[in-house]
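Just so it is clear, none of the values below were taken in a lab; they were calculated from the coordinates. Just so it is clear, the model here is predicted, and its values are computed rather than measured. Every residue, glycine among them, receives a Cβ derived from its backbone with ideal geometry; neighbour counts consider all protein chains shown.
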């Protein structure tokens, strides 16, 4: 009985040796989450040793590293958690051991950006979440979007992903681009609407706190019943008098006025 | 001791007799909240008796009413909770008793829209929240924005507001317009960004659920540390390659592409 239990454990929780390349927000959250799930983080690479050390300090026994020669590394999976624009160059430069899997964590970059690397296999391990260094995050709620051409590699990435998250998806590069655009609207742009709201209130010397219950209620309702049904306000009512009045109010910033006009029109049209 | 306690009660919780004019989302939530606070809802007016009865059915002893002759009403405060475009006409038509206070609940309409009514005093009682009939709402968390020219009337409105909400603000019409524009950005427009995100995912046959943790995290962070600090994504990074790529992806809908371009530009500029 004890033996069979042990056997299940070995099957269901495959442990990996992993190197993290990068020291940003994703690396800061991902490295301890992987270690907590029982994997070993062999090395953390950063251009700056201090930054790499800040992440290894959060881990049990991991080496900070500033050179890209990983030929002697024990790791099987190498996770590139760096800025989009640096991926291609770093992937080309890194020296990897035999049978290594190299993945990146970007929502915007295709799989083949890793195509000229020395890795035996390549893949994508994209956490669909906004990370901030120093802020607590429950990784089990972070959707992980996976891609790999090799089926055995994809299975390994799935096991790795499922060991830290309850939400894993296999997604083609083409779909991942759509998801990234959708995420920009849902996250960056909705946040910017709040930013504009803050600015309007500040300009008038008003307390932005009075806006918070409305935002919380709107977003909760939107996620619960869908954004189409949740919509309210002058545009959906086609209240052109108020729209015109608001447009005139925004005269102090023509860019804002144009954003107001365009989004209102799109609400009316859709 | 009992006497002094009773005295405090009378001073701190002034009870009003109130008539509600309107049968929409605001009336549906506001009428029971007022009654729960100890006020008496004398009548509920609707053009349609069935709709008025649906609200009086939620109250202890209130009359549904389809005519605008309130000359015999016991109410002291008359709350117009109707569509913006109907306020002026209804305010002109309603027949009110002596010493009556007439208020509207709109964020967009000025005080003087009630200027030609038969009311002795006029004011504004604007709940800054998005209401949906049938959905539970804690009124104590709803910010109430008040306005009146007469100081004694303003004090009465404040007592009324404080009896149902922890957040009451005295706001001039000019500021109320700014607040309404700010609310459109923070609520209607952020919701529309989620709507666009839903559409992009649906078009690609992808599960929108994977987007929800990101939205929740983004908005929480935004309200906690401010939207400027909370911003992430290709625009704030000035990652023009990704911006260009997303813009091209949105070719299928030029209006969306233009919204993408304009908001991204505003994020870069601000």
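The table that follows gives values for the structure above.
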| item | result |
| --- | --- |
| Rg/Rg_globular for region A:2-171, with Rg_globular taken as 2.2 N^0.38 Å and Rg from C-alpha atoms | 0.97 |
| For chain A, built as a Gaussian network whose Cα springs stay under 10 Å, the top-fluctuating residue of A:149, A:238, A:199 | A:238 |
| Alpha-carbon spread of region B:177-269, three principal axes, descending order, Å | 35, 30, 26 |
| Span from the region B:36-58 Cα centroid across to the region B:210-270 one, whole angstrom | 45 |
| Least to most buried among B:222, A:140 (fewest other Cβ within 10 Å first) | A:140, B:222 |
| Which of A:15, B:177 has the fewest Cβ neighbours within 10 Å, and the rest in rising order | A:15, B:177 |
| Across the identical copies, how the residue A:89 labels are spaced - nm, sorted shortest first, 7 Å along Cα→Cβ | 6.6 |
| Estimated [θ] at 222 nm from DSSP helical runs (n ≥ 4, -39500 (n - 2.57)) normalised by residues in chain B, nearest 500 | -14000 deg cm²/dmol |
| Gaussian network model of chain B, springs between alpha carbon atoms under 10 Å - residue of B:102, B:250, B:154 with greatest fluctuation | B:250 |
| Other copies of residue B:159: label-to-label distances in nm, shortest first, labels 7 Å along the beta-carbon direction | 7.3 |
| Chain B: antiparallel DSSP beta bridges as a percent of all, rounded to 5 | 15 |
| Across the identical copies, how the residue B:269 labels are spaced - nm, sorted shortest first, 7 Å along Cα→Cβ | 2.1 |
| Proportion of all alpha-carbon pairs of region B:118-170 beyond 18 Å (%) | 35 |
| Percent of beta bridges antiparallel (DSSP, the protein assembly as shown, rounded to nearest 5) | 15 |
| Of all DSSP beta bridges in region B:120-270, antiparallel share, percent nearest 5 | 60 |
| Helix B:84-93 vs. chain B, principal-axis angle (Cα, 0 to 90°, nearest 10) | 20 |
| Degrees separating the helix A:190-203 axis from the principal Cα axis of chain A, which is the longest one | 50 |
| Principal axis box of the protein assembly as shown, alpha-carbon based, largest edge first, Å | 92, 57, 42 |
| Chain B, closest residue to the rotation axis toward A, by beta-carbon, whole angstrom | B:190, 2 |
